[in-house]
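Every number here is computed from the coordinates shown, using simple stated rules; none is lab data. Just so it is clear, the model here is predicted, and its values are computed rather than measured. Here Cβ is always computed from backbone atoms with ideal geometry, including for glycine, and neighbour counts include all displayed protein chains.
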Amino acid sequence: MIDPLFLEGIIKVLFVFVLISAGLIISTRNLSSVLTTYTIQSFLLSAVSFLLYMIDGKGQLLLLAGLTLASKVILIPYFISRIEEKIKIGRDLHFAYLEPTPSLLLSIGLILLSYTFLSRVFEGLPLSRLFFFGAVIGLSLTLMGMLVMFSRKKVITKALGYLSMENGVLMFGLFVTELPFIIEVLIIIDLIILVMLTTILAVGMDSSIEEYRQKFRKLQIWTGVESL
Amino acid sequence: MLEALVYGAIAALISGTVLPLLYRSKNTRKTSFGLSLISSILLLGFAGAILYTGKEPVFPAIRYLPGLDFTLAADRLSAGFILLIAAVVPGVSIYSVEYVEHAKSESRKNLQTALTNLFILAMLMVVLAGNMVIFLIFWEIMSLSSLLLVLHDYSSEENKKAGFFYFVMTNISTAFLFVGFISLFKLTGSAEFGPLEYSASELALPFLSLFIGFGVKAGLVPFHKWLPYAHPAAPSSVSALMSGVMLKVAVYGFLRFLLSVFTPELWWGVLILTVGSLSALFGVIYALKENDIKRLLAYSSIENIGIIFTGIGLYVIFKVEGLESLALLSLAGACFHAFNHALFKSLLFLCAGSIVHATGTRNIEAFGGLVKTMPVTSALFMIGSVSIAALPPTNGFAGELLLYQAFFQSFAVTDPLLTVFLITALSSFALTGALAAALFVKLFGITCLAMPRSEKSRLAVEVQKPMLIGSAVPAALCILAGLFSKQLLSLAGWEIEFPDLLLLGLLLGLIYAALFLIIRSKETSPARISETWGCGSPTLAPYMEYSSAGFSEPLVMIFKNIYRTKIVHKAEYLDKQESLFKNGNVEIRLLRFFEEYLYIPPAQAIESFSKYVSSLQNGKLDSYVLYAFLAVIALIIATGGLV
């Protein structure tokens with residue numbers, strides 16, 4: 001049996017990495033790096049969930065860790081990397097409303113805001129420091145994901161922003177509300193559908209149905225047939 | 001028994017609305033107007049019975065939503081206004097049978113027929129409404145059906161503008177009514193029109209919002225501007241209904257509220273009286289300047305609504321002062337004038353419709369000499385003019401006499417300041433009466449007398465029989481209501497000290513007959529028919545006649561401070577520095593005071609605000625997510641109590 005305090009220390013270290021990954025998603029221009037960062041972030045979350053299982057011993061947490069690993073670390077990044085290969089756009093250079101540096105400054109502001117907000121909300125509740133921090137990180141991760149959604153131009157980055165937002169929700173759920181397991185599963189199914197839709201839209205948003213088919217065939221997404 | 005009459009009338013009006021929508025033929029339209037005629041006869045019996053016996057019918061309540069009943073109610077007040085509807089509708093229906101055939105296409109004819117019936121039905125139901133919710137529902141139906149009627153000739157740009165203006169104003173009216181009724185509901189906890197035993201300060205908000213709401217619809221200054229736009233656009237039969245009945249429905253709504261208040265305050269009465277007097281005065285002053293026959297009549301409606309509200313204001317003042325009999329007299333005056341105005345204004349609008357139809361223009365300056373080409377219409381038009389100018393023994397005289405009586409007896413008021421106020425209002429009221437007489441001398445004289453001023457007027461032919469009979473009905477009622485005014489008022493339960501106009505009319509008739517006979521017998525030589533002396537010019541030409549503008553010029557000079565002129569410059573330049581002049585124009589025109597200072601600034605503010613708001617909706621996903629983001633942040637800050 002490992003000492004829970006040691007585990008908590010590790011979780012705290014992971015929190016820092018989660019925040020760093022969120023910052024990277026906001027500011028990185030290279031699409032494949034953004035995807036890698038997201039994968040790492042999801043992996044960190046999965047690890048946090050596993051460590052919490054080690055502390056608490058709830059089977060649900062273990063399941064959640066496994067599910068996150070399967071969907072968010074393997075399946076979704078695999079889909080997105082395929083899209084990235086096909087559309088041949090390597091970088092997302094343009095930003096709307098906010099450039100990377102102000103975005104990072106704003107996200108510091110968001111973390112502070114979540115901190116003060118949650119410390120007001122949880123005032124007087126019997127919640128350990130660790131869980132409080134988890135909630136703060138979760139909320140700020142959600143807000144930062146939203147920031148990504150409106151400040152980046154490319155649809156794939158937007159989708160990654162949304163995914164990272166959902167990571168924030170998961171984090172918040174892990175530490176504060178204990179969402180029922182079924183809801184977590186549903187959210188993950190939603191995410192997979194979202195990624196599929198994004199694939200479709202990212203490829204064919206600007207074309208008519210006929211052109212769309214052509215494009216699809218050319219890019220060989222899900223068809224498995226070589227292009228003519 | 002009584003209830004059956006109302007159900008019959010409603011059924012007739014509903015089938016009159018539905019039939020023309022199903023079958024397109026002239027016979028259907030005839031049937032439909034026949035149905036509205038039948039309904040008005042049924043209503044006449046219903047209202048007359050209530051007014052005479054004082055027995056109120058009982059209607060069942062149908063619950064259609066929890067806490068909300070569909071229920072009708074009729075007391076003496078509503079019966080009075082139902083009587084008004086029943087008096088105006090027959091003439092309009094008979095007139096419309098022929099008039100509606102002049103519409104452009106078969107479908108428009110049917111639509112106009114159906115909407116007219118719907119409009120009448122809605123007005124009837126507003127008056128019959130048993131609670132505020134029903135009232136508002138039918139109020140909206142009334143507004144919308146009249147809007148569609150105003151827009152019947154929707155292809156012209158001017159009519160579209162008129163329709164839009166009317167739409168905006170009528171919605172403002174409804175918005176204020178909502179505020180008023182909701183605040184009443186909050187106070188009483190019920191949607192019924194019950195007695196309101198609350199202090200005046202609690203009722204101030206409902207009073208003000210209902211006064212504005214009904215005032216907009218009734219056309220009180222400064223909310224009157226939709227009338228002069230909507231009436232020229234609407235078909236004349238619809239103008240007759242709108243001016244004759246719909247404005248009175250607004251008066252009814254206001255009275256319904258006011259009469260249920262136990263303790264009004266003095267400032268209510270002073271406010272109503274002031275606004276009423278100003279409406280009357282401004283209405284007639286603007287009418288004098290007007291050359292469009294229907295617009296002129298619209299301004300005259302504003303004047304008459306002003307007179308009605310003057311009576312209502314007097315009622316409140318006398319009631320507060322504890323002078324019950326005077327209060328009753330003023331109220332009777334206001335109601336009777338409302339009834340009379342419905343009659344003669346619908347008559348005038350119907351005649352105006354005939355004249356406009358025969359000549360093809362609304363410009364008074366192009367009329368003239370119609371007494372020869374359209375003798376019957378001219379005679380009916382004269383009856384209307386005499387009535388509205390309040391000459392005895394017509395009903396206009398009887399109605400205004402009641403108000404004058406109330407004013408004259410106001411020495412019973414003890415407060416000196418109030419006395420001075422009442423005397424000022426009386427003088428303004430008297431001035432209004434005199435100006436109205438001048439206005440209708442001008443209107444009738446320029447339109448019907450002398451020589452035709454244009455080819456259109458010279459070639460005009462008398463309109464068809466239904467239109468003549470349709471106008472003759474209100475004309476006959478005008479005279480009858482005048483002659484039997486005392487009897488009518490006492491039948492309606494108002495025993496008021498009031499001269500018997502029947503006697504007066506007989507006396508007047510005898511005097512005229514005697515004068516005629518005396519002159520006839522003293523006549524020395526037979527009548528010599530020759531041309532008027534034209535100062536030496538060989539023939540008299542139409543341009544030598546009094547023109548409409550010339551006739552009103554002296555009055556315009558007197559009131560030149562009210563008709564302010566405005567100099568408008570418009571210039572275009574070839575360059576940006578505005579030094580090379582391209583073209584432009586300068587005009588001196590009447591200042592449209594209310595429009596330019598009261599209506600347009602808020603409209604512009606709303607427009608620029610809506611432009612700003614619609615620029616937020618830019619079709620970019622990024623911006624929408626940004627708004628959501630900002631909303632979330634705001635929510636976090638607000639719920640966390642961080643502000």
Number of partner chain Cβ atoms within 10 Å, mean per residue of B:620-626: 6
Estimated inter-spin distance, residue B:190 and residue B:532, nm [label 7 Å along Cα→Cβ]: 6.6
Span-like helix ranges in chain A, DSSP H, alpha carbon extent 24 angstrom or more, Kyte mean at least -1.0: A:4-27, A:31-56, A:100-121, A:129-151, A:155-172, A:181-204
Estimated FRET transfer efficiency (residue B:635, residue B:156; beta-carbon r; R0 60 Å; 0.05): 0.75
For residue B:131, distant residues with modelled amide H under 5 Å away: B:71
Given B:55/B:486; A:154/B:620; B:566/B:611; B:55/B:217, the pairs whose alpha carbons are separated by over 19 Å: B:55/B:486; B:566/B:611; B:55/B:217
Peptide ranges A:76-88, A:145-157 listed from the most packed, as the mean C-beta count within 10 angstrom indicates: A:145-157, A:76-88
Qualifying trypsin sites (Lys or Arg not before Pro) in the stretch B:61-113, DSSP loop, other Cβ atoms within 10 Å at most 14: B:104
Amide proton proximity set for residue A:152, modelled H, under 5 Å, gap of 5+: A:96
Residue pairs, from the table B:104/B:225; B:294/B:582; B:109/B:570; B:345/B:372; B:456/B:582; B:161/B:248, whose Cα atoms sit over 31 Å apart: B:294/B:582; B:109/B:570; B:456/B:582
Tensor-based shape of the stretch B:565-639 (alpha-carbon gyration tensor, a/c under 1.5 rounded, otherwise prolate or oblate): oblate
Spatial separation of Cα centroids for the stretch A:1-56 and the stretch B:513-578, in angstrom: 95
Built amide H within the under 5 Å cut-off of residue B:196, gap 5+: B:261, B:262
Global form of the stretch B:1-184, assessed from the alpha-carbon gyration tensor, a/c cut-off 1.5: oblate
Ordering of A:95-102, B:521-528 by burial proxy (mean other Cβ atoms within 10 Å per residue, highest first): A:95-102, B:521-528
Global geometry of the stretch B:388-444, whether rounded, prolate or oblate, following the gyration tensor of its Cα atoms and the 1.5 cut on a/c: oblate
Average beta-carbon neighbours from other chains, 10 Å sphere, peptide A:144-152: 4
Residue-averaged beta-carbon neighbours from other chains (10 angstrom radius) around A:114-127: 2
Sites residue B:564 and residue B:431, calculated FRET efficiency, Cβ-Cβ separation with R0 30 Å, nearest 0.05: 0.95
